[in-house]
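Let me begin by presenting the structure, written as structure tokens, before commenting on it.
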Amino acid sequence: MRQIIMMVLAALISFSGSASAQQSSKVEFMNSGTVTPNTLPFSEAVRVNDTVYLSGIIGNLPGTLKLAPGGIREETRQVMENIKAVLGAHGYTLKNLVKCTVMLADISEWPAFNEVYKTYFEPPFPARSAFAGSGLAMGARVEVECIAAVR
């Protein structure tokens with residue numbers, strides 16, 4: 001009986017060790033410098049296993065901290081182009097997106113934002129949520145952060 005208990009304990013220890021090894025995450029901090037300068041205190045994206053988390057992206061002109069001129073529509077267009085550029089720099093596309101969170105400086109600009117946003121996707125669309133903030137980075141009208149599923 002004692003041998004059986006020892007064998008069961010050995011099997012349990014072996015199983016728990018291999019399970020924890022499988023659960024460990026591979027984390028990769030990704031910075032291409034494509035959209036924002038690498039000198040800023042954040043990563044443009046972080047990959048954890050098969051998920052990529054994009055930092056909030058504003059409508060800055062690539063390589064600068066200057067916003068695209070023209071208001072919410074032009075900023076939204078630039079945000080979406082910046083998201084495409086960040087994803088593309090790491091080998092992904094908008095089709096990898098599964099969730100987007102939209103932050104607007106003024107929620108009344110939602111219809112104008114949505115008009116531009118929807119031109120970047122085909123069904124099935126990523127999940128999405130939106131809210132208005134009292135202020136966004138660099139005085140932006142819109143900021144979008146995304147989550148992508150990748151292999």
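Within the range 126-151, being farther than 19 Å from residue 70 by Cα, exposed (fewer than 13 other Cβ atoms within 10 Å of the Cβ) and hydrophobic (A, V, I, L, M, F, W, C) holds for 127, 131. For the range 35-54, filtered to residues that are in a loop (DSSP other than H, G, I, E, B) and surrounded by 15 or more Cβ atoms within 10 Å (Cβ to Cβ), the residue that is nearest to the chain's Cα centre (by Cα) is 44.
Taking only the range 22-34 into account, find how many residues are hydrophobic (A, V, I, L, M, F, W, C) and either in contact with a Phe, Trp or Tyr (Cβ under 6 Å, 6 or more places away or on another chain) or under 15 Å from residue 91 (Cα atoms) (or both).
Taking the range 22-34 first, the residues hydrophobic (A, V, I, L, M, F, W, C) are 27, 29-30.
With either in contact with a Phe, Trp or Tyr (Cβ under 6 Å, 6 or more places away or on another chain) or under 15 Å from residue 91 (Cα atoms) (or both) added as a condition, the list becomes 29-30.
Residues in the range 22-34 being hydrophobic (A, V, I, L, M, F, W, C) and either in contact with a Phe, Trp or Tyr (Cβ under 6 Å, 6 or more places away or on another chain) or under 15 Å from residue 91 (Cα atoms) (or both): 2 in total.
Within the range 68-85, count every residue that is of a type outside the set (D, E, K, R) and without any contact (Cβ under 8 Å) to a residue 24 or more places away in the chain. Summing the residues that are of a type outside the set (D, E, K, R) and without any contact (Cβ under 8 Å) to a residue 24 or more places away in the chain in the range 68-85 gives 4. Residue 74 meets each of the listed conditions (1) in a helix (DSSP H, G or I); (2) crowded, with 18+ Cβ neighbours inside 10 Å apart from (2).
So, in the range 41-67, how many residues would count as being under 12 Å from residue 78 (Cα atoms) and in contact (Cβ under 8 Å) with a residue 12 or more places away in the chain?
Initial filter on the range 41-67 (under 12 Å from residue 78 (Cα atoms)): 57-62, 66-67.
Subset that is in contact (Cβ under 8 Å) with a residue 12 or more places away in the chain: 57-62, 67.
Looking only at that region, the number is 7.
What number goes with the only condition from (1) exposed (fewer than 15 other Cβ atoms within 10 Å of the Cβ); (2) in a loop (DSSP other than H, G, I, E, B) that residue 92 does not pass? Among (1) exposed (fewer than 15 other Cβ atoms within 10 Å of the Cβ); (2) in a loop (DSSP other than H, G, I, E, B), the lone unmet condition for residue 92 is (1). State yes or no: is residue 102 surrounded by 13 or more Cβ atoms within 10 Å (Cβ to Cβ), in contact (Cβ under 8 Å) with a residue 12 or more places away in the chain, β-branched (Val, Ile, Thr) and under 19 Å from residue 45 (Cα atoms)? Spelling it out, residue 102 is indeed surrounded by 13 or more Cβ atoms within 10 Å (Cβ to Cβ), in contact (Cβ under 8 Å) with a residue 12 or more places away in the chain, β-branched (Val, Ile, Thr) and under 19 Å from residue 45 (Cα atoms).
If I filter the range 94-107 for residues that are farther than 23 Å from residue 33 by Cα, of a type in the set (Ser, Thr, Tyr), touching a strand residue (DSSP E or B) at 6+ places or on another chain (Cβ under 6 Å) and at pLDDT 95 or above, do I get at least one hit? Scanning the range 94-107, I find no residue that is farther than 23 Å from residue 33 by Cα, of a type in the set (Ser, Thr, Tyr), touching a strand residue (DSSP E or B) at 6+ places or on another chain (Cβ under 6 Å) and at pLDDT 95 or above, so the answer is no.
Whether any residue in the range 130-143 is in contact with a Lys or Arg (Cβ under 9 Å, 6 or more places away or on another chain), modelled with pLDDT of 95 or more and of a type outside the set (Val, Ile, Thr) is what I want to check. No.
Kindly indicate the residue of the range 95-127 that is part of a strand (DSSP E or B) and closer than 21 Å to residue 48 by Cβ and also farthest from the chain's Cα centre (by Cα) among those meeting that condition. Among those that are part of a strand (DSSP E or B) and closer than 21 Å to residue 48 by Cβ, it is 127.
The values are calculated or read from the model by the stated rules, or taken from the named source; none is laboratory data. All of these numbers come straight from a predicted model, not from anything done at the bench. No Cβ is skipped: glycine too gets one built from the backbone with ideal geometry, and neighbour counts run over all protein chains shown.
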